[in-house]
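Colleague: Dropping the structure in here first, questions after.
The values are calculated or read from the model by the stated rules, or taken from the named source; none is laboratory data. For clarity, every value in this text was computed on a predicted model and none was experimentally measured. Cβ coordinates were reconstructed from backbone atoms using ideal geometry, including for glycine residues, and neighbour counts include every protein chain displayed.
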Amino acid sequence: MADSAICRELQELLPGRVRTGEPMKNHTSWRIGGPSEIFVEPAGREELQLVVSHAYRRQVPLMVIGNGSNLLVTEGGIRGIVVKIGSDLGRITTRDLRITAEAGAKLAGVAAVARDKGLGGFEFSAGIPGTVGGAVVMNAGANGSSICSLVHKVLLLSLEGEFYQKANKDISFGYRTSILQSEPAIVVEAEFFCHFKDKKEITAEMERHLNRRRQTQPLGYPNAGSVFKNPPGDSAGRLIEAAGLKGLRIGDAQISTVHANFIINLGSATARDILKLVELAREKVLGCFGVELQLEIKVIGND
């Protein structure tokens with residue numbers, strides 16, 4: 001258990017920003033997850049620096065989350081400190097062809113600002129539910145494009161509490177991955193380069209992507225987007241459906257009948273239910289097609 005003294009120290013440092021036993025189901029798009037021992041939602045980058053530095057000095061486990069849109073938290077919850085980078089770290093500014101967005105800004109918000117300024121590049125992200133921080137870390141993408149094509153540089157905070165920058169070329173972006181998934185640092189802000197484009201064209205393209213999402217994804221139920229990465233030259237959803245698993249249900253978790261790479265929460269699904277379906281899909285696809293599916297979601301928690 002996190003020391004109660006650490007909680008008191010954080011409450012003194014950040015009055016009104018620290019909670020104990022916060023249900024993580026309130027902070028994930030799957031609406032699943034046990035309690036966090038200490039939950040902090042900083043009001044800006046200075047408060048973020050304070051809590052990160054304090055956790056480092058006191059050697060307390062630290063987990064940073066954004067919108068929780070690709071996160072499965074187990075029922076055992078999360079030990080130590082959970083820091084949520086939310087709307088208080090969500091500033092978006094523009095200058096010429098540049099958009100600068102803090103990590104807590106919603107990707108949809110950045111896309112809307114780009115559209116309104118006549119800046120092209122973010123059309124692909126229409127409907128993606130995550131934040132800028134998570135999108136950069138996992139190199140979020142859709143519709144044949146990824147965010148790495150827009151990233152110019154990223155402001156990071158080390159776990160020791162020091163700010164530093166990385167340029168695009170130093171982030172080692174790949175398919176749904178980047179060096180930031182293993183580097184002990186937190187995305188604070190990202191700068192993007194766009195290109196001028198007619199607002200009507202941007203709006204029409206975004207609407208096409210949104211309509212396709214509505215038709216092909218189970219947006220009516222809590223989910224975490226694509227559960228598995230697409231294997232080279234194929235689609236995880238196609239493989240899962242071809243293995244006969246579309247619509248399979250365990251408890252209140254179900255492999256979607258709309259898109260087989262989505263697992264939906266029908267009401268009271270548990271992380272165990274989700275993980276059983278995940279393992280079943282991996283085993284069946286491996287057995288039928290010899291393809292080993294890799295997770296796109298992140299699983300965290302004590303059990």
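Colleague: Can you name the residue in the range 164-186 that is loosely packed, with under 15 Cβ neighbours inside 10 Å, out of contact with any Leu (no Cβ under 9 Å at 6 or more places or on another chain) and outside any helix (DSSP H, G or I) and is also modelled with the highest pLDDT among such residues?
Modeller: Ala167
Colleague: With respect to Glu201, determine if the residue is assigned by TED's automatic domain parsing to the domain that holds His152, surrounded by fewer than 17 Cβ atoms within 10 Å (Cβ to Cβ) and either of a type in the set (Asp, Glu) or in contact with a Cys (Cβ under 8 Å, 6 or more places away or on another chain) (or both). Walk me through it before giving the result.
Modeller: Numbers: assigned by TED's automatic domain parsing to the domain that holds His152: yes; surrounded by fewer than 17 Cβ atoms within 10 Å (Cβ to Cβ): yes; either of a type in the set (Asp, Glu) or in contact with a Cys (Cβ under 8 Å, 6 or more places away or on another chain) (or both): yes.
Taking the combined requirement at face value, the residue satisfies it.
Colleague: Name the pairs: first residue in the range 196-209 and in contact (Cβ under 8 Å) with a residue 24 or more places away in the chain, second residue acidic (Asp, Glu), Cβ to Cβ under 7 Å, at least 6 apart or on different chains?
Modeller: Short answer, once both residue conditions are applied: Ile202/Glu123; Glu205/Glu123; Met206/Glu123; His209/Glu123.
Colleague: Write out, first by first residue and then by second, each pair whose Cβ atoms fall under 7 Å of each other, whose residues are 6+ apart or on separate chains, and whose first residue, in the range 32-50, is hydroxyl-bearing (Ser, Thr, Tyr) and modelled with pLDDT of 95 or more while the second is buried (at least 24 other Cβ atoms within 10 Å of the Cβ) and assigned to a helix (DSSP H, G or I).
Modeller: Close Cβ pairs satisfying both conditions: Ser36/Met24.
Residues checked against (1) buried (at least 18 other Cβ atoms within 10 Å of the Cβ); (2) within 20 Å of Ser29 (Cβ to Cβ); (3) out of contact with any Leu (no Cβ under 7 Å at 6 or more places or on another chain):
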residue	(1), (2), (3)
Gly104	yes, yes, no
Asp116	no, no, yes
Leu157	yes, no, no
Val188	yes, no, no
Glu207	no, no, yes
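Colleague: Of all the strands (runs of 3 or more DSSP E) wholly in the range 227-303, which have at least 1 residues that are surrounded by fewer than 20 Cβ atoms within 10 Å (Cβ to Cβ) and in contact (Cβ under 8 Å) with a residue 12 or more places away in the chain?
Modeller: On the way: elements: 253-255, 263-265, 298-300.
In the range 227-303, 298-300 are the strands (runs of 3 or more DSSP E) which contain 1 or more residues that are surrounded by fewer than 20 Cβ atoms within 10 Å (Cβ to Cβ) and in contact (Cβ under 8 Å) with a residue 12 or more places away in the chain.
Colleague: Across the range 88-118, which residue is nearest to Ala142 (Cα to Cα) among those that are touching an Asp or Glu at 6+ places or on another chain (Cβ under 9 Å), outside any loop (DSSP other than H, G, I, E, B) and not β-branched (Val, Ile, Thr)?
Modeller: Taking the candidates together, the pick is Ala111.
Colleague: Still on this model: Condition first: out of contact with any helix residue (DSSP H, G or I) (no Cβ under 9 Å at 6 or more places or on another chain) and either in a loop (DSSP other than H, G, I, E, B) or not assigned by TED's automatic domain parsing to the domain that holds Ile264 (or both). Can you find one or more residues in the range 59-67 that meet it? Spell out the reasoning first.
Modeller: Filtering the range 59-67 for residues out of contact with any helix residue (DSSP H, G or I) (no Cβ under 9 Å at 6 or more places or on another chain) gives 59, 63.
Cutting the leftovers down to either in a loop (DSSP other than H, G, I, E, B) or not assigned by TED's automatic domain parsing to the domain that holds Ile264 (or both) gives us 59, 63.
Checking the range 59-67: at least one residue is out of contact with any helix residue (DSSP H, G or I) (no Cβ under 9 Å at 6 or more places or on another chain) and either in a loop (DSSP other than H, G, I, E, B) or not assigned by TED's automatic domain parsing to the domain that holds Ile264 (or both).
Colleague: Among the residues of the range 280-299, are any within 21 Å of the chain's Cα centre (by Cα) and over 17 Å from Lys229 (Cβ atoms)?
Modeller: Let us first name the residues in the range 280-299 that are within 21 Å of the chain's Cα centre (by Cα), namely 293-299.
Now restrict to residues that are over 17 Å from Lys229 (Cβ atoms): none.
No: zero hits.
Colleague: For the structure I just gave you, tell me whether Leu219 is surrounded by 13 or more Cβ atoms within 10 Å (Cβ to Cβ), within 20 Å of the chain's Cα centre (by Cα) and not small (Gly, Ala, Ser). Step through it out loud before you land on a result.
Modeller: Values: surrounded by 13 or more Cβ atoms within 10 Å (Cβ to Cβ): yes; within 20 Å of the chain's Cα centre (by Cα): yes; not small (Gly, Ala, Ser): yes.
Against the criterion (surrounded by 13 or more Cβ atoms within 10 Å (Cβ to Cβ), within 20 Å of the chain's Cα centre (by Cα) and not small (Gly, Ala, Ser)), Leu219 qualifies.
Colleague: In the range 14-58, how many residues are small (Gly, Ala, Ser), in a loop (DSSP other than H, G, I, E, B) and within 20 Å of Glu102 (Cα to Cα)? So that I can check it myself, show each step before the final result.
Modeller: To start, the set of residues in the range 14-58 that are small (Gly, Ala, Ser) comprises 16, 21, 29, 33-34, 36, 43-44, 53, 55.
Narrowing the set further to residues that are in a loop (DSSP other than H, G, I, E, B) leaves 16, 29, 33-34, 43-44.
Filter again for within 20 Å of Glu102 (Cα to Cα), leaving 43-44.
Total satisfying the criteria: 2.
Colleague: Looking at the range 123-146, which of its residues are assigned to a strand (DSSP E or B) and either in contact with a Ser or Thr (Cβ under 9 Å, 6 or more places away or on another chain) or at positive phi (or both)? I'd like the intermediate steps shown before the answer.
Modeller: Going through the range 123-146, the residues assigned to a strand (DSSP E or B) turn out to be 131, 141-142, 145-146.
Selection gives Thr131, Gly141, Ala142, Ser145.
Colleague: Report yes if some residue within the range 41-58 is under 30 Å from Phe262 (Cα atoms) and polar (S, T, N, Q); otherwise report no. If you could, list the steps in order and put the result at the bottom.
Modeller: The first filter runs over the range 41-58 and keeps only residues under 30 Å from Phe262 (Cα atoms), leaving 41.
Next cut, polar (S, T, N, Q) only: none.
No, there is no match, as no residue in the range 41-58 is under 30 Å from Phe262 (Cα atoms) and polar (S, T, N, Q).
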